[in-house]
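Asker: Here you go, one structure.
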Amino acid sequence: MTTASIDNVLLLAGLLFTIGVAGVMMRKNIFFMLLSVEIMLNAAGLAFIAAGSHWGQPDGQVMFIFILAMAAAEVSIGLSLILQIYHLHKSLDIDNLKEMNG
């Protein structure tokens, strides 16, 4: 069984994080922005797992469990806020919401 080197795993984590940042910056829909933040959290978790595996310590796995718990809380609160915004404004487009405030 072959294992991936830490360089390859960290490169993948960096690529995933970059995709997440690009998704937050380029998307106009709040729901897709929330998904992009989830991709960024998963990239950070992957980096922690790779570092912990490289040094033979369980710290990376412990941090990943904390990241999963934080992501679950973020999704539950984020989705409830998204539903409330949609209920009030009938749109999830950031540009439309900015226009409605002013």
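Values in this text are rule-based calculations from the coordinates and carry no lab data. Computed from a predicted structure; not experimentally measured. Cβ placement follows ideal geometry from the backbone for every residue including glycine, while neighbour counts extend to all protein chains displayed.
Asker: Under a plain spin-label model, where a point goes 7 Å from the Cα along Cα-to-Cβ, how far apart in nm are Ser53 and Glu38?
Answerer: Distance between label points: 2.3 nm.
Asker: For labels at Phe66 and Phe31 in the simple 7 Å Cα→Cβ model, what's the distance in nm?
Answerer: Simple spin-label model gives 3.3 nm for this pair.
Asker: What translational diffusion coefficient, to the nearest whole µm²/s, does the chain have by Stokes-Einstein, given a Kirkwood radius computed over alpha-carbon pairs, a temperature of 37 °C and 0.692 mPa s viscosity? Kindly include the intermediate steps, with their values, before the conclusion.
Answerer: Working: Rh = 15.3 Å.
Rounded to a whole number, D works out at 215 µm²/s.
Asker: Between Leu83 and Ala4, what FRET efficiency comes out of the Förster formula 1/(1 + (r/R0)^6) with R0 = 41 Å and r the beta carbon distance, rounded to 0.05?
Answerer: Using R0 = 41 Å, I get an efficiency of 0.55.
Asker: For the range 34-88, taking Cα atoms only, what is the radius of gyration to one decimal and the Dmax to the nearest whole Å?
Answerer: In order Rg, Dmax, the Cα atoms of the range 34-88 give 14.3, 50 Å.
Asker: Given Cβ point charges of +1 (Lys, Arg) and -1 (Asp, Glu) and nothing else, what value in debye, to the nearest 20, does the dipole of the chain about its Cα centre take?
Answerer: 200 debye
Asker: Fewest Cβ neighbours within 10 Å first, please rank Ser36, Ser53 accordingly.
Answerer: Fewest-to-most ranking of Ser36, Ser53: Ser53, Ser36.
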